[in-house]
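Here the structure is laid out as structure tokens; the discussion comes afterwards.
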Amino acid sequence: MVLDNRFLGVDFGQRRKMATKLDKIFNSLDSDRVFKDKGILQTNYTPSTIPHRDSEIEQVASILAPALRKERPSNLFIYGKTGSGKTLSIHYVREEMLRRIKERNFSEDEFSLVIEYLNCKLKKVSDTEYRILAELIKKLGGEVPATGLPTDYVYQKFIEIIERRKQLVILILDEVDQAIKKISDNFLYNFTRLNSELSKAQICVVGISNDLTFLDSLDPRVRSSLSEEEVVFPPYNAIQLQDILKERAKKAFKEGVVEEGVIAKCAALAAREHGDARRCLDLMRVAGEIAERECSKKISIKHIDRANEKIERDKIIDSVQTGPKQFQLILLAIIGLFEAKHERIFTGEVYDAYQNLCRKVKTEILTQRRMGDILNELEMSGMIRTNVISKGRWGRMREIKISVLPNILSRAKIILTESLGL
DNA sequence: GTCAATTCACATGAAAGAGACCACGGTCTAGTG
DNA sequence: CTAGACCGTGGTCTCTTTCATGTGAATTGACGA
């Protein structure tokens with residue numbers, strides 16, 4: 001009813017105007033397109049060639065090669081910063097191995113090779129021991145409820161499934177460092193020791209981590225058995241990033257769309273962020289989207305700048321909006337302090353300001369211990385930067401800085417005050 | 001003046017509790033033949 | 001007799017608190033030159 005009235009209330013001229021506007025938007029979708037195939041710049045796209053990673057791929061392949069001879073390869077550990085091509089390369093090697101094993105077609109019951117990939121970081125999928133196991137079981141064709149069972153039972157089930165037949169299982173655990181931070185490392189220990197419990201099947205673990213110091217934090221026993229072999233993926237430099245980008249841009253965009261210098265700029269921005277190729281491609285894609293939305297036929301450097309800001313803003317705004325109430329309160333306390341003094345902010349001050357805010361919105365106040373953890377999490381999400389400093393006689397504390405552009409910050413503040421009802 | 005001890009204000013770890021969610025097996029209940 | 005509802009028990013997960021221990025440099029105070 002309400003809807004009807006509103007429709008009737010709009011006079012014809014206005015509707016007409018709206019219609020032409022929409023025409024413009026919808027028509028621009030197919031006439032003025034900059035993109036030839038946007039999917040090429042999306043993160044889940046797997047290119048046919050992986051430039052500048054030949055030697056790493058060779059190393060990985062040669063380590064895993066024994067699997068094709070029905071022998072268990074050494075456990076492997078792969079390091080490299082985000083966007084250095086680890087995941088892409090391991091996927092590539094996996095595909096190649098599976099293709100080869102298919103060509104040789106061993107009879108099913110004699111021997112089979114299973115290579116499973118699991119990203120341990122994806123929240124809600126697998127950041128506990130139970131869930132990782134459950135996920136693996138699911139991938140191997142078993143069925144396990146999301147919760148409610150004892151972990152030992154799930155282990156048993158996992159072994160059962162693997163032991164169903166004579167096979168070699170290569171488990172690729174991406175971003176294990178994330179998982180191990182939450183679970184203890186004897187999870188990995190169990191995994192590497194699993195072979196002694198298996199009679200028919202064998203397991204090989206490939207761990208991938210973007211934290212180079214991760215291995216040091218492990219139990220020595222786990223370390224030695226997990227990283228029998230190691231491969232390091234160095235970050236791409238700006239020139240390599242340009243190569244990658246050129247290749248993809250050629251396929252993704254129509255000819256002549258990308259202006260001079262755009263690719264260089266893009267690569268330079270990403271190279272500054274430890275050579276993150278993913279970031280680089282994102283930048284290019286978002287720049288393309290912005291250009292398209294403006295009905296511009298070319299992508300220029302200013303689009304890259306805008307894309308850079310937009311990516312940053314979306315990331316921040318999103319985590320501000322979706323964060324739990326306590327996170328929002330603490331963030332708001334930090335923003336308030338930052339605006340008031342524009343100087344270095346310390347833990348104690350934040351806690352005081354946070355307590356005041358809690359009283360204002362009548363929310364229970366968390367302990368300072370907990371706030372410390374939340375500050376760490378905020379740092380993880382890139383909202384703030386913290387640094388533990390000691391002021392001698394005046395104690396030890398975190399120094400907190402905001403690492404967000406001012407215009408994004410004020411936007412975030414508005415969102416926070418609104419959603420908290422202040 | 002020098003050097004070790006002290007001190008502050010937290011950081012950081014470990015353990016444990018609360019409350020939500022879920023599986024499983026046993027018991028109860030209503031519907032069916 | 002049986003399918004489904006219901007309940008109690010025991011498990012995980014997340015968020016949180018409590019208790020304990022660690023930390024780094026300014027400050028203090030004893031000591032000797």
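Rule-based calculations on the coordinates, nothing more; no lab input. On a predicted model such as this, the values are computed, not experimentally measured, just so you know. Here Cβ is always computed from backbone atoms with ideal geometry, including for glycine, and neighbour counts include all displayed protein chains.
Numerical summary
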quantity: Considering only chain A, percent of DSSP beta bridges that pair antiparallel, nearest 5; calculated: 30
quantity: Candidates A:Glu228, A:Glu273, A:Glu135, ranked by Gaussian network fluctuation over chain A, Cα under 10 Å, top entry; calculated: A:Glu228
quantity: Order of A:His52, A:His303 under a 10 Å beta carbon neighbour criterion, fewest first; calculated: A:His52, A:His303
quantity: For the range A:237-321, alpha-carbon Rg and Dmax in angstrom; calculated: 12.5, 39
quantity: GNM result for chain A, Cα springs below 10 Å: residue of A:Thr87, A:Thr147, A:Thr192 fluctuating most strongly; calculated: A:Thr147
quantity: Net charge, A:Pro51 excluded, C-beta distance under 13 Å - Lys, Arg +1, Asp, Glu -1; calculated: 0
quantity: Neighbourhood net charge (12 Å Cβ-Cβ; Lys/Arg +1, Asp/Glu -1) for A:Arg385; calculated: +1
quantity: Rg/Rh for chain A, where both radii come from Cα atoms and Rh is the Kirkwood radius; calculated: 1.03
quantity: Charge-dipole axis of chain A as Lys and Arg at +1 and Asp and Glu at -1 on Cβ define it, positive-most pick from A:Ile115, A:Leu133, A:Val350; calculated: A:Val350
quantity: Aspartates and glutamates whose Cα lies under 14 Å from that of A:Lys250, excluding same-chain neighbours fewer than 8 positions away; calculated: A:Asp37, A:Glu259, A:Glu260
quantity: Local electrostatic count at A:Gly421 - Lys and Arg +1, Asp and Glu -1, tallied over other residues with Cβ under 11 Å; calculated: +2
quantity: Residue among A:Ile90, A:Ile334, A:Ile299 with the largest mean-square fluctuation in a Gaussian network model of chain A, springs linking Cα atoms under 10 Å; calculated: A:Ile334
quantity: Per-selection Rg to Rh, the range A:43-179 - Cα, Kirkwood hydrodynamic radius; calculated: 0.97
